[in-house]
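Here's the structure we're looking at; comments come further down.
The values are calculated or read from the model by the stated rules, or taken from the named source; none is laboratory data. Predicted model only: the values in this text are computed from it and were never measured. Positions of Cβ are backbone-derived with ideal geometry, glycine not excepted, and every protein chain shown enters the neighbour counts.
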Amino acid sequence: MLVEENKSLKKLSTFGCDETCHYFTSIDSNHSLLEAINWCKEKNKPYLILGAGSNVLFTKSFEGLVLKMGITGIKKTNETATEIFLTVGAGENWHHFVSYCVQKSWGGIENLSLIPGTVGASPIQNIGAYGVEVKEVIASVCAFDTHTNDWITLQNSDCAFEYRDSIFKKNKNRYIITSVDFVLKKQAILRTDYGAIKDVLHEKGIKKPNLNDLSSAIIQIRTSKLPDPSILGNAGSFFKNPTISKSIFEKLYTQFPQMMAYPISDNAYKIAAGWLIEQCGWKGIRKGMVGCYEKQSLVLVNYGQATGKEILAFSEEIIQSVLKKFNVLLEREVNVL
């Protein structure tokens, strides 16, 4: 096992904050994963599994071993008249996987085009966009259980999937995902009724879209709204859309009838966090090297040399501002380390 010391994490996370880790290694197999874990046990060092670094904010040096997940590969394991079964390595780039499936005309994840990150991170966050969540296409997840020191397979029903949540997120550091099993459709049912998808398809003159048309439309929308992290450091949506009770929603609605919210059950509503932030005047605001992106208020950006602590402090100002105006507490979607 090759271990590097005092490795910069600047290019290993999309925020681009110049923190370091004491030790670093790459993982390309189950064997190398076990080797790295045993190395940490022997030296009594903590470890951190790192995918694309697109949902993490480093605020200080990591005093243990960072394991860069590099187990890749897309393998077809089964096929029926209507479905395709795939096993995908945790280190596979998510958008590459989506593009691969779109090219094959396998449907189910096209609405999740251009989401940054790796396949292994997708069930942890239960990533979602444009009316689709990844839990809808996950059959099972293969992982190493650090509590039992054994390899396990968690079926979809075992994963406790919720909005931007899962058993993996609830039990941080317990499960190390090595691959994910997906079930996709040969005859895709396209979902075009969310957000600006219909508008983009109409502008292009596409009346009967295929998978590629839908994926391309979503890529266009995301590109127009979200900054490229290679140019402007960011981690996509920094905050979750908060869930509130029906009674609280009704009280807020009388004060703010233009509020962007939608029911998720008989007694709960989800509010657009971006709308809350924008109403508090944060959209486009910059303080030093940190800012709230001018085209999407959910996105916090690093204009160059911002530290993780500065970005965290900026996010706390936004949280307190929204709490004061709406009495709604925003929760960070990004993992802060």
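Could you tell me whether GLU42 is farther than 23 Å from LEU154 by Cα, outside the structural domain of GLU133 (by TED's automatic domain parsing) and part of a helix (DSSP H, G or I)? Steps first, please.
Numbers: farther than 23 Å from LEU154 by Cα: yes; outside the structural domain of GLU133 (by TED's automatic domain parsing): yes; part of a helix (DSSP H, G or I): yes.
Spelling it out, GLU42 is indeed farther than 23 Å from LEU154 by Cα, outside the structural domain of GLU133 (by TED's automatic domain parsing) and part of a helix (DSSP H, G or I).
Determine whether the stretch 137-160 contains at least one residue that is closer than 21 Å to ASN93 by Cβ and in a helix (DSSP H, G or I).
no
Can you confirm whether ASN55 is outside the structural domain of ASN126 (by TED's automatic domain parsing) and either out of contact with any strand residue (DSSP E or B) (no Cβ under 9 Å at 6 or more places or on another chain) or at pLDDT 95 or above (or both)? Talk me through it step by step, then tell me what you get.
Numbers: outside the structural domain of ASN126 (by TED's automatic domain parsing): yes; either out of contact with any strand residue (DSSP E or B) (no Cβ under 9 Å at 6 or more places or on another chain) or at pLDDT 95 or above (or both): no.
Here the answer is no, as ASN55 does not meet what is asked.
For the stretch 94-138: of the residues being within 16 Å of GLY195 (Cα to Cα) and charged (D, E, K, R), which is surrounded by the most Cβ atoms within 10 Å (Cβ to Cβ)?
Step by step, filter the stretch 94-138, then rank; the result is GLU110.
Could you run through the stretch 175-214 and say how many residues are of a type outside the set (A, V, I, L, M) and in a loop (DSSP other than H, G, I, E, B)?
Of the residues in the stretch 175-214, the ones of a type outside the set (A, V, I, L, M) are 175, 178-179, 181-182, 185-187, 191-195, 198-199, 202-205, 207-210, 212-213.
Of the ones still in play, those that are also in a loop (DSSP other than H, G, I, E, B) are 186-187, 191-195, 204-205, 207-210.
Number satisfying all stated conditions: 13.
Please state which one of GLY205, GLY195, GLY236 is of a type in the set (Gly, Ala, Ser) and closer than 30 Å to ALA143 by Cα.
Values: GLY205 fails: closer than 30 Å to ALA143 by Cα; GLY195 fails: closer than 30 Å to ALA143 by Cα.
Of the residues listed, the single one that is of a type in the set (Gly, Ala, Ser) and closer than 30 Å to ALA143 by Cα is GLY236.
Which condition breaks for MET69 when tested against (1) surrounded by fewer than 23 Cβ atoms within 10 Å (Cβ to Cβ); (2) more than 15 Å from the chain's Cα centre (by Cα); (3) of a type in the set (A, V, I, L, M)?
The number of the failed condition is (1).
I want to confirm something. Restricting to the stretch 279-335 and keeping residues that are within 15 Å of GLY233 (Cβ to Cβ) and among the β-branched types (Val, Ile, Thr), which single residue is surrounded by the fewest Cβ atoms within 10 Å (Cβ to Cβ)?
Among those residues, the one meeting the criterion is THR307.
Determine if the stretch 77-87 includes at least one residue that is within 27 Å of GLU331 (Cα to Cα) and β-branched (Val, Ile, Thr).
Applying the first criterion (within 27 Å of GLU331 (Cα to Cα)) to the stretch 77-87 yields none.
Scanning the stretch 77-87, I find no residue that is within 27 Å of GLU331 (Cα to Cα) and β-branched (Val, Ile, Thr), so the answer is no.
Have a look at LEU65, LEU34 and point out the one that is out of contact with any Ser or Thr (no Cβ under 6 Å at 6 or more places or on another chain), touching a residue at least 40 places away in the same chain (Cβ under 8 Å), assigned to a strand (DSSP E or B) and under 21 Å from ALA143 (Cβ atoms). Even if it seems obvious, please write down each step before you answer.
Values: LEU34 fails: assigned to a strand (DSSP E or B).
It is LEU65.
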